[in-house]
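The values are calculated or read from the model by the stated rules, or taken from the named source; none is laboratory data. Predicted model, so just to flag it, every value in this text is computed and none were measured. Reconstructed Cβ throughout: ideal geometry from the backbone, glycine too, with neighbour counts over all protein chains shown. In case anyone asks, the SASA skips ligands and DNA or RNA and just uses the protein heavy atoms, side chains included. Shrake-Rupley method; radii C 1.70, N 1.55, O 1.52, S 1.80 Å.
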Amino acid sequence: MSRYDLNGIGMTSQRTRDRLVKRLAENGIDHDEVLTAVATVPRHIFIDEALAHRAYEDIALPIGHGQTISQPFIVALMTQSLLNRPRPRVLEVGTGSGYQSAVLACLAPLVQKIYTLERIDSLIERAQERLRVMKCSNVRFKHADGYQGWLEESPFDGILVTAAPRHVPQALLDQLAVGGRMVLPIGGEGAQELKVYDRTPDGFEVQTVDYVRFVPLLKGVR
Ligand code: SAH
């Protein structure tokens, strides 16, 4: 497990991480616990070593298989947008590197438990190993198609989708608890809208919070 240097040095040090957090705060992230979680999670262990020196730039980076680790600002924005209920159980669709899952995991006890789905087998294995090294024990992983959600563990107080479908998946709406909130990008490749769906006793309230660019949510597993 010594492959992963949690503390980092130079471009991956705590000081570099703190500079990123300062920048997120300047750009409108105002949830203190979310900022602390971003300061805590060693993003450099979630990407290839060759790119580790860029880990604390506010940019998306490749993680293989044509996928990306999201930009820290977007991770922070989605996370703070999600936290409208006390101690939510959260479903994440699109584990990828596991970075977003780790940020959620570091929000315990504010976040109760995270269930994360990924369609690419090898990505989920690596993500799982990183979270083990970080000693995050409140995350469950499953290799599955996120379009179907995770029925056995539903309903969820929060759902966060980190790849963009063209239309909101019905199974995810169905698996959201009343009073719960889903944050997801919607649209084709290029410009997408980051939307928040709040489930009310009578239906859903929808808002658009930003414009974003995510990889597409694809059907089936690999
Ligand atoms: N949250 C991730 C972002 C990864 S990019 C991180 O912090 O690194 C989006 C991920 O969604 C990719 O890994 C992609 O394989 C995955 N994905 C795409 N379609 C999916 C689907 N239908 N079900 C589950 N995962 C999916």
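Only residues that are of a type in the set (Ser, Thr, Tyr) and part of a loop (DSSP other than H, G, I, E, B) were counted across the range 29-58, and they come to 1.
Considering (1) within 29 Å of Glu49 (Cβ to Cβ); (2) surrounded by fewer than 18 Cβ atoms within 10 Å (Cβ to Cβ), the lone condition that Thr116 does not fulfil carries the number (2). Here Thr95 passes the criteria (1) within 13 Å of the ligand (Cβ to nearest atom); (2) open to solvent by 10 Å² or more (accessible area, probe 1.4 Å) except the one numbered (2). Contact annotation: residue pairs with Cβ atoms under 8 Å, 6 or more positions apart or on different chains, pairing a residue in the range 23-51 that is more than 20 Å from Leu107 (Cα to Cα) with a partner that is within 13 Å of the ligand (Cβ to nearest atom) and of a type in the set (S, T, N, Q), are Ile47/Ser97. Flag not set for Ala76, criterion: more than 15 Å from the ligand (Cβ to nearest atom), touching a residue at least 12 places away in the same chain (Cβ under 8 Å) and small (Gly, Ala, Ser).
Please find, among Gln112, Gln100, the residue that is under 14 Å from the mean Cα position of the chain (by Cα) and either within 25 Å of Val34 (Cα to Cα) or of a type in the set (Lys, Arg) (or both). Answer to the selection: Gln100. One residue stands out among those in the range 175-209 that are away from the ligand (no atom under 16 Å from the Cβ) and of a type in the set (Asp, Glu): the one that is surrounded by the fewest Cβ atoms within 10 Å (Cβ to Cβ), which is Asp202. Looking at Leu117, Leu123, Leu83, Leu131, which one is at negative phi and away from the ligand (no atom under 13 Å from the Cβ)? Only one candidate passes the filter, namely Leu83.
Of the residues making up the range 66-87, those that are in contact with a Lys or Arg (Cβ under 8 Å, 6 or more places away or on another chain) and assigned to a loop (DSSP other than H, G, I, E, B) are Asn84, Arg85. Test His167 against the stated conditions and say whether it is within 11 Å of the ligand (Cβ to nearest atom) and open to solvent by 40 Å² or more (accessible area, probe 1.4 Å). Judged against the criteria, His167 is not a match.
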